[in-house]
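First comes the structure, then the notes that go with it.
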Amino acid sequence: MEANATERPGGSQAPDMPAHVAIIMDGNGRWATQRGLPRAQGHRAGVEALRRTVRAAGDIGIRYLTIYSFSSENWSRPQSEVLDLMALLKRFIRKDLADLHKNDIRVKIIGRRDDLAPDILALLVEAEDLTRDNTGLTLVVAFNYGARDEILRAIQRVAEAVGECRIDPAEIDEKMVDRNLDTAGIPDPDLLIRTSGEQRISNFLLWQCAYTEFVFLPVYWPDFGQDELTAAIEEFRTRERRFGGLVANTGS
Ligand code: IPE
Ligand code: IPE
Ligand code: MG
């Protein structure tokens, strides 16, 4: 190891393993349609894939797993589908929270909270409170999340501090922005996986993915599991991360 090796934003221990993997779990609807099933069945199968993935991430030794479960734009779907997705989230937390806690998983929720139904908000807070001191995998659930909304809320907080003369605009730096995002304290993702074949970011972690490696997989989310996660990580390990600089000569 070079003595002057630059600090890696992801903060991984092993240089070629991702500490933080983020996933856009996409393709539930198409998975169901392909089988002649209602879209809700695809979402249900998606929860099974999530369980498999959380288990696999823990086994592999990933420190942070962020999952995009409902975007601020997903409210524009038909009301029946929105209701299905809300019911699934509630069921997931009620059924799986005890297991997550037993497995030393720390749950953290990101996204806007002030317009959530009180029963959903209470469950999210319960999941965070119960698992706050756990030291295993951190499972970051992006719910009612949109990166532009998150950045706007951060700007509003910083602007308030300027307005109240608590800070000078010249003091605003990247660290201050980081601290005011929902992801404060969480390292940036090293690897972002999107399933379903779409190759776009759909308003996910726009600030945090500045130097994240992207892997797009042609499988629908309900078909995702340990093998697909391992394959994405293998792909990640072949990438040469530069962070705008030059790659250190490894002597090979
Ligand atoms: C991802 O699957 C789940 C959510 C967005 C909540 P989709 O529901 O987007 O499935 P497709 O993209 O329509 O197939
Ligand atoms: C992104 O998928 C959001 C989640 C997976 C929760 P979408 O299906 O909403 O994204 P678009 O509409 O295809 O860009
Ligand atoms: Mg989709």
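Computed values, structure above
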quantity: Selection from segment 33-48 of residues that are in contact (Cβ under 8 Å) with a residue 60 or more places away in the chain and either in contact with a Gly (Cβ under 6 Å, 6 or more places away or on another chain) or among the charged types (D, E, K, R) (or both); calculated: GLY42, GLU48
quantity: Selection from segment 104-130 of residues that are among the hydrophobic types (A, V, I, L, M, F, W, C), surrounded by 14 or more Cβ atoms within 10 Å (Cβ to Cβ) and assigned to a helix (DSSP H, G or I); calculated: ILE120, LEU121, LEU123, LEU124, ALA127, LEU130
quantity: Segment 131-150, residues that are in a helix (DSSP H, G or I), of a type outside the set (Gly, Ala, Ser) and buried (at least 16 other Cβ atoms within 10 Å of the Cβ); calculated: THR131, ASP149, GLU150
quantity: Output for segment 201-218, where each listed residue is charged (D, E, K, R) and within 13 Å of ligand 2 (Cβ to nearest atom); calculated: none
quantity: Candidates SER12, SER69, filtered to the one that is part of a loop (DSSP other than H, G, I, E, B) and either modelled with pLDDT of 95 or more or not aliphatic (A, V, I, L, M) (or both); calculated: SER12
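For (1) surrounded by fewer than 16 Cβ atoms within 10 Å (Cβ to Cβ); (2) touching a strand residue (DSSP E or B) at 6+ places or on another chain (Cβ under 9 Å); (3) of a type in the set (Val, Ile, Thr); (4) free of Cβ contacts under 8 Å to residues at least 40 places away in the same chain, each residue gets a yes or a no:
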site: GLY163; (1), (2), (3), (4): yes, no, no, yes
site: ASN180; (1), (2), (3), (4): no, no, no, yes
site: ASP188; (1), (2), (3), (4): no, yes, no, no
site: THR195; (1), (2), (3), (4): no, yes, yes, no
site: ARG200; (1), (2), (3), (4): yes, yes, no, yes
site: ASN203; (1), (2), (3), (4): no, yes, no, no
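The values are calculated or read from the model by the stated rules, or taken from the named source; none is laboratory data. Note that the coordinates shown come from a computational prediction; the quantities given were computed from them, not determined experimentally. Positions of Cβ are backbone-derived with ideal geometry, glycine not excepted, and every protein chain shown enters the neighbour counts.
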